[in-house]
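First the structure, in the form of structure tokens, and then the observations on it.
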Amino acid sequence: MKQIKPYLVVIFIQAIYAVMFLLSKAAFDQGMNSFIFVFYRQTVATIFLTPFAFFFEWKTAPPLSFSTFCNIFFLSLVGITGSLDLYGVAVTYTSATLAAATANCLPVITFFLALLLRIEDLKVKTISGVLKLVGVVACLTGATILAFYKGPRFELLSNYHLLDYHKSQQNSAGVPSGSWLKGCFLMLLSNTFWGMWLVLQIFVIKGYPSKLLLTTLQCFLSSIQSLVIALAVERDIEEWKLRWNIRLVTVLYCGIMVTGVTYYLQAWVIEKKGAVFLSMSTPLALIMTIFASAILLGDMISLGSLLGGFALVLGLYCVLWGKKREQMPKASLDLEQASG
């Protein structure tokens, strides 16, 4: 059971993300303002994480200097507020399937940004370097396919979706090509901001290693930042009211399950099996979202979405494979090449 447990946990993590893609798409399709959603989501996450942060890390946390606070504020603005706001707008233009598909390019984007900052290196004369390069090219190819090619649609499940509210279909079939292209660009930009957050956080953690407090502080700052942006965009008080509907469910789910629960579960998986193992499970969310969005939301699955998603997954695995080979001891690599 102990050997199977990490596999069950990563499946559960990706299921949480798949539900997040579906719920957020459903809430936006019902008219929820994406900027208001980000504010409520980050506020719920802050309320949820604060007791745990104070209980587990308050006594051991280092002093928070002004320069460190400014760095955390910038991280929150770019990696959380900016990324989530762009994601919200992008989902309204595209689909839950696209959101799940582009999530697979996050490790590739992060690697590329780390390469620019010289945290990573790319040796094209080695097998690991070639694999990384192929991964980046495959990721770019997949993103291009998703943006510019739709192809034939598979409508086998689209007439039997369970949620009848999905009348104004905002999927790949119903959105004008200009809006779809804009959504793809914003989704990739959102992932780029998130990749910047992952890379730059390395430097911040060195000065402030209390990870739970750091996450809570970022959520708190992000809630303030997103409030300012939301107020600038939407002044109608009726749009800010949460009632017992899909909007409230989505806010609570994303704030508690996505930000709170998955933070702990991902840390546990990384500790037990490593970050590469966790990253390799990312395509599961795409597979779950494709079928669930067809059944629940009535989204039509296009050939372009399948081909683009496959290219992104291929790019993900190439980069991870290259990283794994790079981390292998030289003796192991020599033995592998000799046996081959």
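Miscellaneous remarks
- Across the options PHE48, LEU117, LEU22, the greatest Cα extent toward the positive end of the charge dipole of segment 12-166 (unit charges at beta carbon of Lys, Arg, Asp, Glu) belongs to LEU117.
- Positive minus negative residues near GLY315 (Lys, Arg vs Asp, Glu; Cβ under 14 Å): +2
- Qualifying trypsin sites (Lys or Arg not before Pro) in segment 95-134, where qualification requires a DSSP coil assignment and no more than 10 other C-beta atoms within 10 Å, comprise ARG118, LYS125.
- Sequence-distant residues sharing a close amide H with SER302 (under 5 Å, placed H): PHE154
- Residues in segment 180-185 carry Karplus couplings, in order, of 4, 4, 4, x, 4, 4 Hz; the curve used is 6.51 cos²θ - 1.76 cosθ + 1.60 with θ = phi - 60°, and Gly or Pro positions show x.
- Taking 21 Å as the straight-line reach from the Cα of LYS25, the lysines in range (excluding those fewer than 8 positions away in the same chain) are LYS150, LYS167, LYS182, LYS241.
- Förster radius 22 Å - calculated FRET efficiency between LEU115 and PHE203, Cβ distance, rounded to 0.05: 0.85
- 3J(HN,Hα) from dihedral phi, segment 28-45, Karplus parametrisation 6.51/-1.76/1.60, rounded to Hz, x for glycine, proline: 5, 5, 7, x, 5, 5, 5, 6, 5, 4, 4, 4, 5, 4, 5, 5, 4, 4
- Selection from SER34, THR81, PRO6 lying farthest towards where the dipole of the chain points positive, charges on Cβ: PRO6
- Violating pairs (Cα-Cα greater than 18 angstrom) within the set LYS273/LYS324; LYS59/LYS273; LYS123/LYS323; LYS2/LYS273: LYS59/LYS273
- Note on the chain: GNM, Cα springs under 10 Å; of ALA100, ALA45, ALA61, the largest mean-square fluctuation is that of ALA61.
- Net charge over other residues, Cβ less than 13 angstrom from the Cβ of MET280 (K, R count +1; D, E count -1): +3
- Pairwise FRET efficiency - TYR149 versus VAL261, Cβ, R0 = 35 Å, nearest 0.05: 0.45
- Normalised contact order of the chain, rounded percent, pairs of Cα under 8 Å and 6 or more residues apart: 42
- Using the Cβ-Cβ distance between LYS59 and VAL130 with R0 = 51 Å, the FRET efficiency computed as 1/(1 + (r/R0)^6) comes to roughly 0.55.
No lab work stands behind these numbers, since they all come straight from the coordinates. What you see is a predicted model, and the numbers here were worked out from it, not measured in a lab. No Cβ is skipped: glycine too gets one built from the backbone with ideal geometry, and neighbour counts run over all protein chains shown.
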